[in-house]
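Read through the structure below, which is laid out as structure tokens, and then see the notes.
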Amino acid sequence: MAAATAPRKIYARDALTTHKPPLYSRLVEAFARSGVVRTNVTPTAPPFGPLARVAQLVQPHLQEVETRIIQQAAAFDPDIEGYVTYAVGGRGKRLRPLLALLAGGATGEINSGHVDLAVIVELIHIATLVHDDIMDEAERRRAQPTVNARWGNSLSVLLGDCLFAHALNLSTNFDNADISRAIARAAREICSGEMIQTQRRFDLKLQVEDYLRIVEKKTGSLFAAAAELAALISEADSNVIKTFKNFGFQIGTAYQIYDDCLDLAGSERATGKTLGTDLRKGKFTLPVLIFLRSASDFERERCCRLVLEERIEEMTELLRIGASNGALNESIAAGSDLIREAQTVLDGIAANPYADALFALGDALREMFDQLRV
């Protein structure tokens, strides 16, 4: 996958200037024109918090991934380059690229194929975030307005579709067709998981097992693909490839549990994104399901009433205090246990600095979990 040429400097007004009148409202257009799309994102900034220590080992490769992600905007029609640049420019944790690079180093020498894979899995992830923010009506992501907050839902849906399609197109550049097929399957699983979660909103019959199935599809599948395909690119033994797939699957599932706990116990100032969206949209995540499982009929009725009336702050408080206090901590424990299981999977892998860093990635995620305990 050849790197695209460096894009010209793109401003929001460039992307919004067309020969035809805009189809979106003047208010949306005015908001979009109110700020400059940031294309000068510094690609040297490491991932946040505990993850920064783990990322140091592959920092030069992460810098290359970051630069390549930003450059992808130049592959699109000039009229939409600005939107793409805005969507990919907000610096996230880049967990999936980090996993792909570490898995590549743990099974061989990191090469251009691993960097290509890291770019692709992150573009797929960004596409899902664009769509998630539409469904959740989120206003902020990565400390800036979401795409839908700036330009509305219609354009945002199409932008997410463009990013998905572009990532899948890039995956066809691998000589091994098994890689592009695996990436396409992961994308399908992500969408399936999101659809099932949307279908089961406000469903009081949802069980923990149902939740885990959803999480495994919508998050675990892409983490699994990142680790599995990195080992495949290194031409590792089939058993080793399977080991890394399982590791990524468990780490990704645990990370989604963390993110769901963060939605309840985190701080918008610290996270830079809109929180509480899961409850507002009737998505019953692990802390809520654990609480409902042990709640009395009165507590369940009160919980449902608070959610339906969008009294999210009161519902969050229920999960933090009293008898329900254990729901959040039990969810944190479940995520931490899953990470330990993932680390155990690595026992049979030959030791090297990258394999050690993968183990340390689990420790970093557990540290992030511990910061949420109440």
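The values are calculated or read from the model by the stated rules, or taken from the named source; none is laboratory data. Keep in mind the model is a prediction, meaning the values are calculated, not measured. No Cβ is skipped: glycine too gets one built from the backbone with ideal geometry, and neighbour counts run over all protein chains shown. The accessibility values were calculated without ligands, DNA or RNA, using every heavy atom of the protein model including side chains. Shrake-Rupley method; radii C 1.70, N 1.55, O 1.52, S 1.80 Å.
Quick grid of which residues meet (1) at pLDDT 95 or above; (2) within 23 Å of residue 144 (Cα to Cα); (3) open to solvent by 20 Å² or more (accessible area, probe 1.4 Å):
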| residue | (1), (2), (3) |
| --- | --- |
| 37 | no, yes, no |
| 40 | no, yes, yes |
| 44 | no, yes, yes |
| 51 | no, yes, no |
| 60 | yes, no, yes |
| 79 | no, yes, yes |
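Cβ-Cβ contacts under 9 Å between residues 6 or more apart (or on different chains), taken from a first residue in region 336-347 that is over 14 Å from residue 249 (Cβ atoms) and in a helix (DSSP H, G or I) to a second residue that is at pLDDT below 95 and open to solvent by 10 Å² or more (accessible area, probe 1.4 Å), are listed as 336/370. Candidates 88, 115, 84: the one that is open to solvent by less than 10 Å² (accessible area, probe 1.4 Å), closer than 25 Å to residue 217 by Cβ and β-branched (Val, Ile, Thr) is 88. On the stretch given as region 229-249, residues that are assigned to a helix (DSSP H, G or I) and among the hydroxyl-bearing types (Ser, Thr, Tyr) total 2.
Yes/no matrix, rows are residues, columns are (1) in contact with a Phe, Trp or Tyr (Cβ under 9 Å, 6 or more places away or on another chain); (2) at pLDDT below 80; (3) crowded, with 20+ Cβ neighbours inside 10 Å:
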position: 310; (1), (2), (3): no, yes, no
position: 328; (1), (2), (3): yes, no, yes
position: 335; (1), (2), (3): yes, no, yes
position: 344; (1), (2), (3): no, no, no
position: 352; (1), (2), (3): no, no, no
position: 355; (1), (2), (3): no, no, no
position: 361; (1), (2), (3): no, no, yes
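Just one of the numbered conditions (1) in a helix (DSSP H, G or I); (2) at positive phi is not true of residue 104: (2).
Report the residue count in region 92-104 for those that are open to solvent by 10 Å² or more (accessible area, probe 1.4 Å) and modelled with pLDDT under 95. So that I can check it myself, show each step before the final result.
Initial filter on region 92-104 (open to solvent by 10 Å² or more (accessible area, probe 1.4 Å)): 93, 96.
Subset that is modelled with pLDDT under 95: 93.
Residues in region 92-104 being open to solvent by 10 Å² or more (accessible area, probe 1.4 Å) and modelled with pLDDT under 95: 1 in total.
If you check 107, 128 for being at pLDDT 95 or above, over 17 Å from the mean Cα position of the chain (by Cα) and open to solvent by 10 Å² or more (accessible area, probe 1.4 Å), only one passes: 107.
For a quick check of your reading: which helices (runs of 4 or more DSSP H) sit entirely within region 45-98 and have at least 2 residues that are in contact (Cβ under 8 Å) with a residue 12 or more places away in the chain and in contact with a strand residue (DSSP E or B) (Cβ under 6 Å, 6 or more places away or on another chain)?
Numbers: elements: 51-55, 59-71, 78-89.
Here the list is empty.
Of all the residues in region 169-184, those that are open to solvent by 30 Å² or more (accessible area, probe 1.4 Å), in a helix (DSSP H, G or I) and touching a residue at least 24 places away in the same chain (Cβ under 8 Å) number 1. Of all residues in region 196-225, those being open to solvent by 20 Å² or more (accessible area, probe 1.4 Å), β-branched (Val, Ile, Thr) and free of Cβ contacts under 8 Å to residues at least 24 places away in the same chain number 1. Any idea which of 196, 257, 241 is at pLDDT 95 or above and either out of contact with any helix residue (DSSP H, G or I) (no Cβ under 6 Å at 6 or more places or on another chain) or within 23 Å of residue 117 (Cβ to Cβ) (or both)? 241 is the lone residue from the list that is at pLDDT 95 or above and either out of contact with any helix residue (DSSP H, G or I) (no Cβ under 6 Å at 6 or more places or on another chain) or within 23 Å of residue 117 (Cβ to Cβ) (or both).
For region 139-168, filtering for residues that are touching a Ser or Thr at 6+ places or on another chain (Cβ under 8 Å), surrounded by fewer than 22 Cβ atoms within 10 Å (Cβ to Cβ) and at pLDDT below 90 leaves 2.
State the number of residues belonging to region 294-310 that are out of contact with any helix residue (DSSP H, G or I) (no Cβ under 7 Å at 6 or more places or on another chain) and either in a helix (DSSP H, G or I) or under 22 Å from residue 372 (Cα atoms) (or both). Number of matching residues: 9. Residue selection: residue 68 satisfies the criterion of being farther than 15 Å from residue 127 by Cα, open to solvent by 10 Å² or more (accessible area, probe 1.4 Å) and basic (Lys, Arg).
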